[in-house]
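The values are calculated or read from the model by the stated rules, or taken from the named source; none is laboratory data. Quick caveat, the model's predicted, so the values are computed rather than measured. So basically every Cβ, Gly included, is an ideal-geometry build from the backbone, and we count neighbours across all protein chains shown.
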Amino acid sequence: MTQASKAAKSLPDLLASVMATSATPGSAHMLPEDCYTSVDFFAFEQAGVFARSWICVGRAEDIPDTGDYLAASVAGEPILVTRSEQGIHVMSAVCQHRGHVLTSTSGSAQRFRCPAHFWTYDLNGKLLGAPRMGTRPELESLCKSVQLPPIRHEIWHGFIFVNLDAEAAPLAPTLAKLEPFWANYEAADLASVPPVANDKVLPWNWKLHLENFTDAYHPEFVHGGTHDFAPSVHPDGGVAFTDMAETDNAIVRSVPLMKSDGGMNQDGWGETPAFPPIATLAPEQRKRLTFAMIPPSMTLMFSPNAISYQIVRAVSAEGTTTANDRVSGGGWLLPKTTLALADFKQRAARVQQGGGKIWAQDLPINLAMQAGKHSRFASPGRYGPLELTLQQFNAWLLRAYKKAFAMP
Ligand SMILES: [Fe+2]
(Lines give C-alpha, C1' and ligand atoms only; values in the text may rest on other atoms or scores of the structure.)
Protein backbone atom coordinates (compact mmCIF):
# COMPACT_ATOMS: atom_id res chain seq x y z
CA MET A 1 0.00 0.00 0.00
CA THR A 2 1.39 3.33 -1.03
CA GLN A 3 2.14 6.02 1.47
CA ALA A 4 2.94 8.61 -1.17
CA SER A 5 -0.19 10.68 -0.85
CA LYS A 6 -3.14 11.14 1.39
CA ALA A 7 -6.80 12.02 1.06
CA ALA A 8 -7.50 15.70 1.62
CA LYS A 9 -9.76 16.61 4.51
CA SER A 10 -13.21 17.94 3.59
CA LEU A 11 -13.63 21.68 4.08
CA PRO A 12 -16.04 21.28 7.05
CA ASP A 13 -13.59 18.90 8.77
CA LEU A 14 -10.68 21.22 8.03
CA LEU A 15 -12.54 24.29 9.28
CA ALA A 16 -13.52 22.41 12.43
CA SER A 17 -9.88 21.65 13.23
CA VAL A 18 -8.85 25.23 12.39
CA MET A 19 -11.55 26.67 14.64
CA ALA A 20 -10.32 24.42 17.46
CA THR A 21 -6.76 25.83 17.18
CA SER A 22 -5.82 28.44 19.76
CA ALA A 23 -5.11 31.93 18.44
CA THR A 24 -3.17 33.03 21.49
CA PRO A 25 0.44 33.90 20.65
CA GLY A 26 2.68 31.71 22.75
CA SER A 27 0.30 28.78 22.57
CA ALA A 28 -0.43 28.93 18.86
CA HIS A 29 -0.13 25.61 17.10
CA MET A 30 0.75 25.40 13.45
CA LEU A 31 -2.13 25.23 11.05
CA PRO A 32 -3.27 21.88 9.70
CA GLU A 33 -1.20 21.14 6.59
CA ASP A 34 -4.32 20.99 4.38
CA CYS A 35 -4.61 24.78 4.87
CA TYR A 36 -1.63 24.99 2.49
CA THR A 37 -2.94 22.66 -0.21
CA SER A 38 -6.74 22.58 -0.21
CA VAL A 39 -8.48 24.30 -3.12
CA ASP A 40 -11.65 24.60 -1.01
CA PHE A 41 -9.75 26.19 1.86
CA PHE A 42 -8.16 28.65 -0.55
CA ALA A 43 -11.66 29.65 -1.74
CA PHE A 44 -12.61 30.15 1.93
CA GLU A 45 -9.54 32.39 2.37
CA GLN A 46 -10.33 34.40 -0.76
CA ALA A 47 -13.81 35.25 0.47
CA GLY A 48 -13.07 35.42 4.19
CA VAL A 49 -9.57 36.91 4.35
CA PHE A 50 -8.49 38.56 1.08
CA ALA A 51 -11.89 40.14 0.40
CA ARG A 52 -11.90 41.61 3.94
CA SER A 53 -8.27 42.69 4.38
CA TRP A 54 -6.28 45.71 3.28
CA ILE A 55 -4.35 44.66 0.20
CA CYS A 56 -1.38 46.62 -1.18
CA VAL A 57 -1.62 47.19 -4.94
CA GLY A 58 1.31 49.54 -5.54
CA ARG A 59 2.44 53.06 -4.80
CA ALA A 60 0.76 56.37 -5.50
CA GLU A 61 3.88 57.52 -7.35
CA ASP A 62 3.47 54.57 -9.76
CA ILE A 63 0.55 56.53 -11.27
CA PRO A 64 1.80 60.14 -11.03
CA ASP A 65 -0.21 61.84 -13.79
CA THR A 66 -3.91 62.26 -14.44
CA GLY A 67 -5.01 59.30 -16.55
CA ASP A 68 -2.37 56.89 -15.22
CA TYR A 69 -3.91 53.69 -13.94
CA LEU A 70 -2.96 50.27 -12.74
CA ALA A 71 -4.94 47.06 -12.96
CA ALA A 72 -4.91 44.57 -10.09
CA SER A 73 -6.73 41.53 -8.83
CA VAL A 74 -7.93 41.43 -5.23
CA ALA A 75 -9.60 38.25 -3.95
CA GLY A 76 -10.17 37.34 -7.58
CA GLU A 77 -11.85 40.70 -8.31
CA PRO A 78 -10.42 42.67 -11.23
CA ILE A 79 -9.97 46.27 -10.11
CA LEU A 80 -8.66 49.54 -11.51
CA VAL A 81 -6.68 52.12 -9.58
CA THR A 82 -6.72 55.44 -11.41
CA ARG A 83 -5.33 58.94 -11.01
CA SER A 84 -8.19 61.30 -11.86
CA GLU A 85 -8.36 65.09 -11.46
CA GLN A 86 -9.64 64.40 -7.93
CA GLY A 87 -6.74 62.12 -6.98
CA ILE A 88 -6.47 58.35 -6.56
CA HIS A 89 -9.67 56.45 -7.30
CA VAL A 90 -10.25 52.70 -6.98
CA MET A 91 -13.10 50.83 -8.65
CA SER A 92 -14.23 47.55 -10.11
CA ALA A 93 -12.89 46.86 -13.60
CA VAL A 94 -16.05 45.01 -14.59
CA CYS A 95 -18.27 46.71 -17.18
CA GLN A 96 -21.72 47.28 -15.71
CA HIS A 97 -23.34 46.31 -19.00
CA ARG A 98 -22.53 42.63 -19.56
CA GLY A 99 -19.63 42.05 -17.18
CA HIS A 100 -16.66 42.27 -19.55
CA VAL A 101 -13.40 43.10 -17.73
CA LEU A 102 -12.44 46.52 -19.10
CA THR A 103 -8.70 45.93 -18.91
CA SER A 104 -6.23 43.84 -16.97
CA THR A 105 -3.12 45.78 -17.91
CA SER A 106 -1.80 49.06 -16.52
CA GLY A 107 -1.24 52.21 -18.57
CA SER A 108 -2.52 55.69 -19.19
CA ALA A 109 -5.90 56.74 -20.63
CA GLN A 110 -8.50 59.46 -20.33
CA ARG A 111 -11.37 56.97 -20.36
CA PHE A 112 -12.02 53.24 -20.35
CA ARG A 113 -13.92 51.77 -23.25
CA CYS A 114 -15.33 48.27 -22.96
CA PRO A 115 -14.14 46.30 -26.00
CA ALA A 116 -17.44 44.40 -26.27
CA HIS A 117 -19.96 47.21 -26.95
CA PHE A 118 -17.93 50.39 -26.51
CA TRP A 119 -19.56 51.47 -23.26
CA THR A 120 -17.21 54.19 -22.01
CA TYR A 121 -16.35 55.28 -18.45
CA ASP A 122 -14.36 58.19 -17.06
CA LEU A 123 -11.43 57.91 -14.64
CA ASN A 124 -13.85 57.92 -11.69
CA GLY A 125 -15.96 55.13 -13.19
CA LYS A 126 -18.87 57.29 -14.34
CA LEU A 127 -20.55 56.07 -17.53
CA LEU A 128 -19.91 58.59 -20.31
CA GLY A 129 -21.51 56.88 -23.27
CA ALA A 130 -23.12 53.70 -24.58
CA PRO A 131 -23.81 53.40 -28.31
CA ARG A 132 -27.29 52.54 -29.62
CA MET A 133 -28.86 52.44 -26.18
CA GLY A 134 -31.82 54.69 -27.02
CA THR A 135 -32.74 58.33 -27.32
CA ARG A 136 -30.56 61.08 -25.90
CA PRO A 137 -32.74 61.44 -22.76
CA GLU A 138 -32.64 57.67 -22.29
CA LEU A 139 -28.86 57.69 -22.63
CA GLU A 140 -28.54 60.60 -20.19
CA SER A 141 -30.64 58.71 -17.69
CA LEU A 142 -28.51 55.58 -18.19
CA CYS A 143 -25.27 57.55 -17.68
CA LYS A 144 -26.63 59.03 -14.45
CA SER A 145 -27.47 55.62 -13.04
CA VAL A 146 -24.42 53.57 -14.06
CA GLN A 147 -21.02 53.71 -12.37
CA LEU A 148 -18.18 51.26 -11.93
CA PRO A 149 -18.56 50.30 -8.24
CA PRO A 150 -16.08 52.29 -6.13
CA ILE A 151 -13.76 50.42 -3.78
CA ARG A 152 -12.24 51.76 -0.57
CA HIS A 153 -8.60 52.67 -0.50
CA GLU A 154 -6.12 54.19 1.90
CA ILE A 155 -2.67 55.61 1.20
CA TRP A 156 -0.10 54.64 3.80
CA HIS A 157 3.42 56.07 3.43
CA GLY A 158 2.75 56.28 -0.31
CA PHE A 159 1.50 52.68 -0.63
CA ILE A 160 -2.02 52.21 -2.00
CA PHE A 161 -4.06 49.70 -0.04
CA VAL A 162 -7.55 48.64 -1.08
CA ASN A 163 -10.26 46.79 0.79
CA LEU A 164 -13.32 45.17 -0.76
CA ASP A 165 -15.02 45.25 2.64
CA ALA A 166 -16.84 48.55 3.08
CA GLU A 167 -17.12 47.85 6.83
CA ALA A 168 -13.42 47.15 7.49
CA ALA A 169 -11.69 49.20 10.19
CA PRO A 170 -9.29 51.89 8.84
CA LEU A 171 -5.82 50.60 7.99
CA ALA A 172 -3.43 53.19 9.47
CA PRO A 173 -4.22 52.57 13.18
CA THR A 174 -3.55 48.86 12.67
CA LEU A 175 -0.04 49.70 11.42
CA ALA A 176 0.84 52.18 14.17
CA LYS A 177 3.53 49.90 15.57
CA LEU A 178 5.51 50.41 12.35
CA GLU A 179 5.77 54.19 12.74
CA PRO A 180 8.97 54.13 14.85
CA PHE A 181 10.65 52.12 12.08
CA TRP A 182 9.68 54.71 9.45
CA ALA A 183 11.22 57.50 11.53
CA ASN A 184 13.95 59.47 9.71
CA TYR A 185 13.63 57.59 6.40
CA GLU A 186 11.21 59.95 4.66
CA ALA A 187 13.34 62.93 5.73
CA ALA A 188 15.85 61.61 3.15
CA ASP A 189 13.46 62.48 0.30
CA LEU A 190 12.73 58.98 -0.92
CA ALA A 191 11.58 57.87 -4.34
CA SER A 192 10.59 54.39 -5.38
CA VAL A 193 12.01 51.96 -7.87
CA PRO A 194 8.97 49.75 -8.46
CA PRO A 195 9.41 45.99 -8.42
CA VAL A 196 9.90 44.57 -11.90
CA ALA A 197 6.57 43.00 -12.86
CA ASN A 198 6.70 39.24 -12.63
CA ASP A 199 3.87 36.80 -13.37
CA LYS A 200 5.88 33.64 -12.80
CA VAL A 201 3.85 31.48 -10.44
CA LEU A 202 5.84 30.08 -7.55
CA PRO A 203 4.45 26.63 -6.73
CA TRP A 204 3.71 27.13 -3.06
CA ASN A 205 1.00 28.53 -0.82
CA TRP A 206 1.04 32.26 -0.07
CA LYS A 207 1.30 31.66 3.69
CA LEU A 208 4.42 29.57 3.22
CA HIS A 209 5.94 32.44 1.24
CA LEU A 210 5.27 34.93 4.02
CA GLU A 211 6.45 32.47 6.66
CA ASN A 212 9.79 32.18 4.89
CA PHE A 213 10.10 35.97 4.96
CA THR A 214 9.29 36.35 8.62
CA ASP A 215 11.22 33.33 9.94
CA ALA A 216 14.21 34.31 12.12
CA TYR A 217 15.12 30.66 12.78
CA HIS A 218 16.19 29.54 9.30
CA PRO A 219 18.86 32.09 8.17
CA GLU A 220 21.59 30.50 10.30
CA PHE A 221 21.09 27.16 8.53
CA VAL A 222 19.88 28.13 5.05
CA HIS A 223 21.71 31.38 4.36
CA GLY A 224 25.34 30.54 5.11
CA GLY A 225 27.57 33.15 3.44
CA THR A 226 24.78 35.59 2.57
CA HIS A 227 23.13 36.40 5.91
CA ASP A 228 25.85 35.94 8.56
CA PHE A 229 26.28 39.72 8.67
CA ALA A 230 22.67 40.00 9.97
CA PRO A 231 22.40 37.15 12.46
CA SER A 232 19.33 36.11 14.43
CA VAL A 233 21.60 34.55 17.05
CA HIS A 234 24.54 36.52 18.44
CA PRO A 235 26.24 36.67 21.87
CA ASP A 236 25.69 40.44 22.07
CA GLY A 237 21.99 40.10 21.29
CA GLY A 238 20.33 38.70 18.21
CA VAL A 239 16.81 38.98 16.91
CA ALA A 240 14.46 41.44 18.63
CA PHE A 241 10.75 40.73 18.35
CA THR A 242 7.86 43.13 18.91
CA ASP A 243 4.62 42.63 20.79
CA MET A 244 1.52 42.18 18.73
CA ALA A 245 -1.91 43.33 19.85
CA GLU A 246 -5.07 41.73 18.48
CA THR A 247 -5.75 44.82 16.38
CA ASP A 248 -2.24 44.98 14.88
CA ASN A 249 -1.77 44.23 11.21
CA ALA A 250 2.02 44.19 11.27
CA ILE A 251 4.48 41.52 12.31
CA VAL A 252 7.97 42.85 12.96
CA ARG A 253 11.40 41.60 13.88
CA SER A 254 14.84 43.21 13.80
CA VAL A 255 18.28 41.66 13.67
CA PRO A 256 21.60 43.38 14.35
CA LEU A 257 24.11 44.17 11.62
CA MET A 258 27.68 43.24 12.47
CA LYS A 259 28.76 46.77 11.59
CA SER A 260 26.87 50.08 11.23
CA ASP A 261 25.86 51.15 7.73
CA GLY A 262 26.18 47.67 6.27
CA GLY A 263 23.67 46.47 3.72
CA MET A 264 23.06 44.41 0.62
CA ASN A 265 25.87 43.88 -1.86
CA GLN A 266 26.58 41.29 -4.55
CA ASP A 267 27.20 38.58 -1.94
CA GLY A 268 24.20 39.23 0.33
CA TRP A 269 24.20 41.24 3.56
CA GLY A 270 27.64 42.68 4.18
CA GLU A 271 29.88 45.45 5.40
CA THR A 272 30.23 47.25 2.05
CA PRO A 273 26.72 47.94 0.76
CA ALA A 274 25.98 48.79 -2.86
CA PHE A 275 23.66 51.65 -1.83
CA PRO A 276 25.15 54.36 0.39
CA PRO A 277 23.84 54.71 3.95
CA ILE A 278 20.88 57.05 4.51
CA ALA A 279 22.31 60.04 6.35
CA THR A 280 19.09 61.01 8.16
CA LEU A 281 18.84 57.73 10.11
CA ALA A 282 19.50 57.49 13.84
CA PRO A 283 22.53 55.44 15.01
CA GLU A 284 20.36 52.50 16.12
CA GLN A 285 18.71 52.35 12.68
CA ARG A 286 22.11 52.22 11.01
CA LYS A 287 23.09 48.99 12.71
CA ARG A 288 19.94 46.91 12.36
CA LEU A 289 17.80 45.27 9.75
CA THR A 290 14.06 45.23 10.33
CA PHE A 291 11.67 42.80 8.66
CA ALA A 292 8.02 43.92 8.67
CA MET A 293 5.17 41.91 7.28
CA ILE A 294 1.73 43.33 6.57
CA PRO A 295 -0.39 40.26 5.94
CA PRO A 296 -1.77 39.10 3.66
CA SER A 297 -0.16 41.08 0.83
CA MET A 298 3.15 42.79 1.51
CA THR A 299 6.49 42.90 3.26
CA LEU A 300 8.99 45.66 4.04
CA MET A 301 12.66 45.59 4.98
CA PHE A 302 14.18 48.62 6.67
CA SER A 303 17.97 48.65 6.23
CA PRO A 304 20.52 51.46 6.68
CA ASN A 305 20.55 52.08 2.92
CA ALA A 306 17.07 51.36 1.61
CA ILE A 307 13.57 50.24 2.34
CA SER A 308 12.83 47.17 0.23
CA TYR A 309 9.29 45.99 -0.41
CA GLN A 310 7.49 43.15 -2.06
CA ILE A 311 3.88 42.68 -2.98
CA VAL A 312 2.71 39.11 -2.63
CA ARG A 313 -0.25 37.69 -4.58
CA ALA A 314 -2.02 34.45 -3.76
CA VAL A 315 -3.18 33.03 -7.08
CA SER A 316 -4.21 29.53 -6.02
CA ALA A 317 -3.86 27.09 -3.13
CA GLU A 318 -0.38 26.23 -4.38
CA GLY A 319 0.47 29.26 -6.46
CA THR A 320 1.96 32.60 -5.44
CA THR A 321 3.42 35.45 -7.41
CA THR A 322 5.72 38.15 -6.15
CA ALA A 323 8.08 40.80 -7.40
CA ASN A 324 11.00 42.23 -5.45
CA ASP A 325 14.76 42.63 -5.51
CA ARG A 326 15.35 38.97 -4.72
CA VAL A 327 13.10 37.60 -7.44
CA SER A 328 12.74 40.00 -10.34
CA GLY A 329 14.49 43.24 -9.36
CA GLY A 330 13.47 46.60 -7.93
CA GLY A 331 11.07 47.19 -5.05
CA TRP A 332 13.08 49.88 -3.28
CA LEU A 333 12.49 53.20 -1.62
CA LEU A 334 15.76 55.13 -1.89
CA PRO A 335 16.94 58.70 -1.30
CA LYS A 336 16.83 60.65 -4.54
CA THR A 337 20.55 61.27 -4.02
CA THR A 338 21.12 57.52 -4.33
CA LEU A 339 19.01 57.33 -7.48
CA ALA A 340 21.03 60.19 -8.97
CA LEU A 341 24.39 58.41 -8.60
CA ALA A 342 26.11 57.99 -11.96
CA ASP A 343 26.65 54.29 -11.34
CA PHE A 344 23.20 53.63 -9.86
CA LYS A 345 22.43 50.88 -12.40
CA GLN A 346 25.55 48.93 -11.48
CA ARG A 347 24.80 49.37 -7.77
CA ALA A 348 21.22 48.15 -8.25
CA ALA A 349 22.54 45.13 -10.17
CA ARG A 350 24.82 44.26 -7.23
CA VAL A 351 21.89 44.45 -4.81
CA GLN A 352 19.85 42.24 -7.07
CA GLN A 353 22.72 39.79 -7.41
CA GLY A 354 23.05 39.50 -3.62
CA GLY A 355 19.28 39.25 -3.16
CA GLY A 356 19.20 36.61 -5.87
CA LYS A 357 21.76 34.53 -3.96
CA ILE A 358 19.58 34.64 -0.85
CA TRP A 359 16.53 33.74 -2.94
CA ALA A 360 18.37 30.81 -4.52
CA GLN A 361 18.90 29.46 -1.01
CA ASP A 362 15.24 29.93 -0.04
CA LEU A 363 13.78 28.43 -3.19
CA PRO A 364 14.47 24.73 -2.50
CA ILE A 365 13.36 25.21 1.11
CA ASN A 366 9.98 26.55 0.02
CA LEU A 367 9.57 23.82 -2.59
CA ALA A 368 10.35 21.06 -0.12
CA MET A 369 8.22 22.63 2.60
CA GLN A 370 5.22 22.75 0.24
CA ALA A 371 5.86 19.15 -0.88
CA GLY A 372 5.83 17.98 2.73
CA LYS A 373 2.38 19.47 3.29
CA HIS A 374 1.01 16.66 1.08
CA SER A 375 2.42 13.91 3.22
CA ARG A 376 0.14 11.74 5.31
CA PHE A 377 2.81 12.01 7.97
CA ALA A 378 2.90 15.80 8.06
CA SER A 379 1.62 17.19 11.32
CA PRO A 380 1.38 20.63 12.85
CA GLY A 381 4.69 20.89 14.66
CA ARG A 382 5.95 22.90 17.63
CA TYR A 383 7.31 26.41 17.31
CA GLY A 384 10.64 27.28 18.93
CA PRO A 385 11.72 30.49 20.67
CA LEU A 386 13.10 31.99 17.42
CA GLU A 387 9.71 31.59 15.74
CA LEU A 388 7.66 34.18 17.58
CA THR A 389 6.82 36.01 14.34
CA LEU A 390 5.44 32.76 12.93
CA GLN A 391 3.27 32.36 16.01
CA GLN A 392 2.10 35.94 15.56
CA PHE A 393 1.25 35.28 11.92
CA ASN A 394 -0.59 32.13 12.94
CA ALA A 395 -2.58 34.13 15.48
CA TRP A 396 -3.36 36.76 12.82
CA LEU A 397 -4.59 34.05 10.45
CA LEU A 398 -6.68 32.32 13.09
CA ARG A 399 -8.35 35.57 14.06
CA ALA A 400 -9.16 36.22 10.38
CA TYR A 401 -10.40 32.66 9.87
CA LYS A 402 -12.58 32.74 12.98
CA LYS A 403 -14.07 36.06 11.89
CA ALA A 404 -14.71 34.69 8.40
CA PHE A 405 -16.24 31.51 9.82
CA ALA A 406 -18.66 33.61 11.88
CA MET A 407 -19.71 35.56 8.78
CA PRO A 408 -23.43 35.41 8.03
FE1 LIG B 1 15.39 32.79 3.81
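Annotations
- Qualifying residues in region 383-405 (those that are closer than 16 Å to Lys207 by Cα and among the charged types (D, E, K, R)) - the one nearest to the chain's Cα centre (by Cα): Arg399
- Taking region 90-122 as the range and being in contact with a Gly (Cβ under 7 Å, 6 or more places away or on another chain) and closer than 21 Å to Ala166 by Cβ as the test, only Met91 passes.
- Qualifying residues in region 237-251 (those that are more than 23 Å from Leu31 (Cα to Cα) and within 16 Å of the ligand (Cβ to nearest atom)) - the one surrounded by the most Cβ atoms within 10 Å (Cβ to Cβ): Val239
- Residue that is surrounded by the most Cβ atoms within 10 Å (Cβ to Cβ), among those in region 131-164 that are part of a loop (DSSP other than H, G, I, E, B) and touching a strand residue (DSSP E or B) at 6+ places or on another chain (Cβ under 8 Å): Leu148
- Residues (away from the ligand (no atom under 13 Å from the Cβ) and of a type outside the set (Gly, Ala, Ser)) located in region 341-362: Leu341, Asp343, Phe344, Lys345, Gln346, Arg347, Arg350, Val351, Gln352, Gln353
- Some residue of region 171-184 being farther than 20 Å from Val351 by Cβ and within 16 Å of the ligand (Cβ to nearest atom): no
- The numbered conditions (1) touching a strand residue (DSSP E or B) at 6+ places or on another chain (Cβ under 7 Å); (2) surrounded by 21 or more Cβ atoms within 10 Å (Cβ to Cβ) are all true for Arg326 except (1).
- Among the residues of region 251-267, those that are in a strand (DSSP E or B) and either more than 14 Å from Ala306 (Cα to Cα) or not assigned by TED's automatic domain parsing to the domain that holds Leu178 (or both) comprise Ile251, Val252, Arg253, Ser254, Val255, Pro256.
- Within region 363-386, considering residues that are free of Cβ contacts under 8 Å to residues at least 40 places away in the same chain and of a type in the set (Gly, Ala, Ser), the one nearest to the ligand (Cβ to nearest atom): Ala368
- Unique residue being closer than 23 Å to Ser232 by Cα, surrounded by fewer than 16 Cβ atoms within 10 Å (Cβ to Cβ), out of contact with any Ser or Thr (no Cβ under 8 Å at 6 or more places or on another chain) and at pLDDT 95 or above when the list is Ala360, Ala371: Ala360
- Pair list, Cβ < 8 Å and 6+ apart or interchain, from region 219-230 residues that are touching a residue at least 24 places away in the same chain (Cβ under 8 Å) and under 11 Å from Asp362 (Cα atoms) to residues that are within 10 Å of the ligand (Cβ to nearest atom) and of a type in the set (A, V, I, L, M): Val222/Ile365; His223/Ile358
- Consider region 192-236 and keep the residues that are assigned to a loop (DSSP other than H, G, I, E, B) and either outside the structural domain of Arg253 (by TED's automatic domain parsing) or hydrophobic (A, V, I, L, M, F, W, C) (or both). The one that is farthest from the ligand (Cβ to nearest atom) is Ala197.
- Residue in region 387-394 that is aliphatic (A, V, I, L, M), assigned by TED's automatic domain parsing to the domain that holds Asn324, under 29 Å from Ala51 (Cβ atoms) and within 16 Å of the ligand (Cβ to nearest atom) present: yes
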